[in-house]
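Structure first, then comments.
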Amino acid sequence: MSLLSILEFPDPRLRTLAKPVESFDDALQQLIDDMFETMYEAPGIGLAATQVDQHIQLIVMDISEEKDQPLVFINPEVEVLDDELESYDEGCLSVPGYYESVTRARNIKVTAQDRHGEKFEMTDNGMLAICIQHEIDHLSGKLFVDYLSPLKRNRIRSKLEKAHKKQNR
């Protein structure tokens, strides 16, 4: 396994639409393993393939305290089950150091494939539902900062651009 580079906002590659996964081959299995290693090392609780410059519909996640409940969602689709919303302070490995309140559907059903291509369905609410929606947004080229006011989003963009310039000197 190896650590992958995580793209950071405002990198335009984060806006790329992910394509469906069609082949569940050894290369995909290696990417999944590398994404888990990268996510745990970062440390994070979710990572979309888009964030590591692989534009396929693949998400890895583990919201457990012990980091022993890895989840893989391939070609995920979300259905909102009711009108109940929940606000949660979200952060993102592609927007390091920033946390902002985002409102999302509380109760969802996700349909996806596992790492071997087997279809599954699950319903959830709370933290896992929020995280799934956040990561699926990445597959559509959307980031949590897109839910913020233009002023907040531009302030975060400016600060991250300055930090990137300092790193590249």
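The table below gives the values:
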{"quantity": "With eigenvalues of the C-alpha gyration tensor scaled by 5 and rooted, region 53-128, Å", "calculated": "21, 18, 13"}
{"quantity": "Cα-based Rg / Dmax (Å) for region 101-169", "calculated": "16.5, 47"}
{"quantity": "Under the span-like rule (Cα at least 18 Å along the axis, Kyte-Doolittle mean at least -0.5), DSSP H helices of the chain", "calculated": "26-41, 127-139"}
{"quantity": "Set LYS109/LYS162; LYS109/LYS159; LYS19/LYS166; LYS19/LYS162; LYS119/LYS142 screened for pairs whose C-alpha atoms are more than 30 Å apart", "calculated": "LYS109/LYS162; LYS109/LYS159; LYS19/LYS166; LYS19/LYS162"}
{"quantity": "Scaled radius of gyration (Cα, divided by 2.2 N^0.38 Å) that region 1-46 gives", "calculated": "1.28"}
{"quantity": "Considering only region 1-83, percent of DSSP beta bridges that pair antiparallel, nearest 5", "calculated": "90 percent"}
{"quantity": "Accessible surface of the chain, 1.4 Å probe, proportion on carbon and sulfur as whole %", "calculated": "47 percent"}
{"quantity": "For the chain, accessible area per residue (1.4 Å probe, heavy atoms of protein chains only), Å²", "calculated": "54 Å²"}
{"quantity": "Loop GluC sites (Glu not before Pro), region 72-103, which have at most 11 other Cβ atoms in a 10 Å radius of their Cβ (DSSP)", "calculated": "GLU84"}
{"quantity": "Region 1-70 and region 108-167: distance between their alpha carbon centers, rounded to Å", "calculated": "12 Å"}
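The values are calculated or read from the model by the stated rules, or taken from the named source; none is laboratory data. Everything quoted here is computed from the prediction, not taken from an experiment. Reconstructed Cβ throughout: ideal geometry from the backbone, glycine too, with neighbour counts over all protein chains shown. To get the accessible areas, we keep the full protein, side chains included, count just its heavy atoms, and leave off ligands, DNA and RNA. Shrake-Rupley method; radii C 1.70, N 1.55, O 1.52, S 1.80 Å.
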